[in-house]
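Input: a single structure, listed below in structure tokens.
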Amino acid sequence: MKKVYLDYAATSPCELEVVEEMRDYWDRIFGNPSSMHSWGEAAQNALQESRAKVAWLIGAKPEEIVFTSGGTESNNTAIKSVAWAYSYKGNHIISSAIEHPSVLESLKFLEKTGFKVTLLEVDRFGRIDTKELEKSIGPHTILISVMHANNEIGTIEPIEEVAAIARKRGIVLHTDAVQTIGHIPLDVKDLGIDLLSSSAHKFYGPKGIGFFYIKKGTKMEPLIHGGGQEKGRRSSTENIPSIVGLRKALEISIGSIQKEIQKISSLRDRLKEEIRKNIPQVSFNGHPEHILPNSLSFSVKNIDGEALAMRLNMEGIACSTGSACSSEKGLPSYTLQAIGLKGELLRGAIRFSLGRQNNSEDIEYCAKVLKKEIEELRRISPL
Ligand SMILES: *Cc1c(COP(=O)(O)O)cnc(C)c1O
């Protein structure tokens, strides 16, 4: 059976070149970077080179990069550590209603310890309103956290405008860039942010490794205490094989970024056009222009999205309803609710996210199967 993976926003396969780059660092260059001997020194060199390269690729300085176990830890650290470090100035944090659970749950935790949180609403395309943001800033606001692009609908948020507001008011700004790093051009100086989160498995690197960027001069309290690695900002012996893999994956992704955007967005647009042409009563979710090149979220009336995803899976096609994180709990997606979907449009939502391995045969196959399965579902179980 033909297999078509269209769930790259959930995770991507590790590039073979990345796996090969990592190979030496399991048993040959295996030293602890903190050790004084030559084994340690070799590992320390790999660490420093990786840090310098990653920093350069996003317009940062090496000392502004802190390696972590992924996007979730980066978001937890960015939010909690800034909240704690700036609590002498205030206790108010602003974020959005459609953030990843690792942001929203961190904020809920902080609320239990006395912080106040404002979650900005989004419009029907999933964008926050910067005027609302300005209005919600008060004298005690210490942190703004708004994602760069949403993982369910692909909408890109107006981060540069948010950054201009944050800078004017002297508030620290964090952005969850897990869906954008390696997918669209990104420079931390151009964005104007103070902290940013990233995860390697979303850009064809290994799972369980990521980093956060923290602009020089930004205060933080560490989340993980211990031996003082990463300049005391994240203790634990550095995961050198994965750090090397992250560096390689980011190099590849950024090196081919324009070509990939071209290829992936044109495949996405073709699939979208096929759906629009052949399947009645479909509406597309996400912003028409400010959207990731690989995202295609839509709602099919008169069907159950879960049932459709299961049928597509039987035909070898991987997609998702809502996001991988919320669908496990079987709850309707809060992101889709935040853009105003209810009833049939909420229930019939499907997310395709394309990636590097897709080709035009995948798109033709997917369009064909989708049409067949939706017709079938509508026929046998009209809602
Ligand atoms: C995947 C994802 C995360 C979590 O990253 P992990 O490395 O899986 O912990 C955070 N934010 C967004 C937007 C994501 O898509």
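The values are calculated or read from the model by the stated rules, or taken from the named source; none is laboratory data. This structure is a prediction, so every number in the text was calculated from the model and none was measured. Every residue, glycine among them, receives a Cβ derived from its backbone with ideal geometry; neighbour counts consider all protein chains shown. The area values use the complete protein model at the heavy-atom level, side chains included, leaving out ligands, DNA and RNA. Shrake-Rupley method; radii C 1.70, N 1.55, O 1.52, S 1.80 Å.
In segment 326-336 there is no residue matching the filter, namely being within 16 Å of the ligand (Cβ to nearest atom), open to solvent by 20 Å² or more (accessible area, probe 1.4 Å) and under 21 Å from ILE261 (Cα atoms).
Only one residue in GLY59, GLY40 is assigned by TED's automatic domain parsing to the domain that holds PRO101, out of contact with any His (no Cβ under 9 Å at 6 or more places or on another chain) and either within 16 Å of the ligand (Cβ to nearest atom) or farther than 25 Å from LYS202 by Cβ (or both), so which one is that?
Numbers: GLY59 fails: either within 16 Å of the ligand (Cβ to nearest atom) or farther than 25 Å from LYS202 by Cβ (or both).
Answer to the selection: GLY40.
Could you please let me know if HIS225 is modelled with pLDDT of 95 or more, part of a loop (DSSP other than H, G, I, E, B) and either more than 16 Å from the ligand (Cβ to nearest atom) or open to solvent by less than 10 Å² (accessible area, probe 1.4 Å) (or both)?
Numbers: modelled with pLDDT of 95 or more: yes; part of a loop (DSSP other than H, G, I, E, B): yes; either more than 16 Å from the ligand (Cβ to nearest atom) or open to solvent by less than 10 Å² (accessible area, probe 1.4 Å) (or both): yes.
Yes.
Among ALA55, ALA83, ALA42, ALA9, which is within 15 Å of SER199 (Cβ to Cβ) and of a type in the set (Gly, Ala, Ser)? From the options ALA55, ALA83, ALA42, ALA9, the qualifying one is ALA9.
Any idea which residue in segment 265-297 is surrounded by the most Cβ atoms within 10 Å (Cβ to Cβ), counting only those that are without any contact (Cβ under 8 Å) to a residue 40 or more places away in the chain and in a strand (DSSP E or B)? Let's see the steps before the verdict.
Of segment 265-297, the ones without any contact (Cβ under 8 Å) to a residue 40 or more places away in the chain are 265-266, 269, 272-273, 276-277, 280-282, 284, 289.
Next, from what is left, pick out any that are in a strand (DSSP E or B): 282, 284.
Values: VAL282: 18, PHE284: 14.
Ranking the qualifying residues of segment 265-297, first place goes to VAL282.
Looking across segment 70-126 at every residue that is in contact with a strand residue (DSSP E or B) (Cβ under 9 Å, 6 or more places away or on another chain), open to solvent by 40 Å² or more (accessible area, probe 1.4 Å) and part of a helix (DSSP H, G or I), the one that is nearest to PHE211 (Cα to Cα) is identified as THR72.
Consider LYS168 carefully, then state whether it is under 23 Å from TYR213 (Cβ atoms), part of a helix (DSSP H, G or I), free of Cβ contacts under 8 Å to residues at least 12 places away in the same chain and not acidic (Asp, Glu). Against the criterion (under 23 Å from TYR213 (Cβ atoms), part of a helix (DSSP H, G or I), free of Cβ contacts under 8 Å to residues at least 12 places away in the same chain and not acidic (Asp, Glu)), LYS168 qualifies. Taking the conditions exactly as written (part of a helix (DSSP H, G or I), touching a residue at least 40 places away in the same chain (Cβ under 8 Å), within 16 Å of the ligand (Cβ to nearest atom) and within 13 Å of VAL178 (Cβ to Cβ)), does LYS202 satisfy them or not? Judged against the criteria, LYS202 is a match. Scanning segment 260-276 for residues that are in contact with a Leu (Cβ under 8 Å, 6 or more places away or on another chain) and over 13 Å from SER360 (Cβ atoms) turns up LYS272, ILE275.
Residue count for segment 124-141 under the criterion of being in contact with a His (Cβ under 7 Å, 6 or more places away or on another chain), within 18 Å of ALA97 (Cα to Cα) and more than 16 Å from the ligand (Cβ to nearest atom): the result is 2. Scanning segment 205-216 for residues that are under 23 Å from LYS231 (Cα atoms) and surrounded by 21 or more Cβ atoms within 10 Å (Cβ to Cβ), we see that the one that is farthest from the ligand (Cβ to nearest atom) is ILE214. Pairs are defined by a Cβ separation below 7 Å, a sequence spacing of at least 6 or placement on different chains, a first member in segment 371-382 that is assigned to a helix (DSSP H, G or I), and a second member that is open to solvent by 100 Å² or more (accessible area, probe 1.4 Å); no pair meets this definition.
Residue-by-condition table, conditions (1) under 22 Å from PHE211 (Cα atoms); (2) without any contact (Cβ under 8 Å) to a residue 60 or more places away in the chain; (3) open to solvent by less than 10 Å² (accessible area, probe 1.4 Å):
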| residue | (1), (2), (3) |
| --- | --- |
| SER235 | yes, yes, yes |
| ARG247 | yes, no, no |
| LYS263 | no, yes, no |
| SER299 | no, yes, yes |
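Could you tell me whether GLU64 is touching a Phe, Trp or Tyr at 6+ places or on another chain (Cβ under 6 Å) and of a type in the set (D, E, K, R)?
Values: touching a Phe, Trp or Tyr at 6+ places or on another chain (Cβ under 6 Å): yes; of a type in the set (D, E, K, R): yes.
Yes, satisfied.
Step by step: first the residues of segment 103-120, then only those that are more than 16 Å from the ligand (Cβ to nearest atom) and in contact with a helix residue (DSSP H, G or I) (Cβ under 7 Å, 6 or more places away or on another chain), then the one that is farthest from MET147 (Cα to Cα). Which residue is that? This residue is PHE115.
Does ILE153 satisfy being within 16 Å of the ligand (Cβ to nearest atom), of a type outside the set (Lys, Arg) and either part of a helix (DSSP H, G or I) or at negative phi (or both)? Taking the combined requirement at face value, the residue satisfies it. Taking the condition of being open to solvent by 50 Å² or more (accessible area, probe 1.4 Å) and either part of a helix (DSSP H, G or I) or free of Cβ contacts under 8 Å to residues at least 60 places away in the same chain (or both), how many residues in segment 31-69 meet it? Within segment 31-69, residues that are open to solvent by 50 Å² or more (accessible area, probe 1.4 Å) and either part of a helix (DSSP H, G or I) or free of Cβ contacts under 8 Å to residues at least 60 places away in the same chain (or both) number 13.
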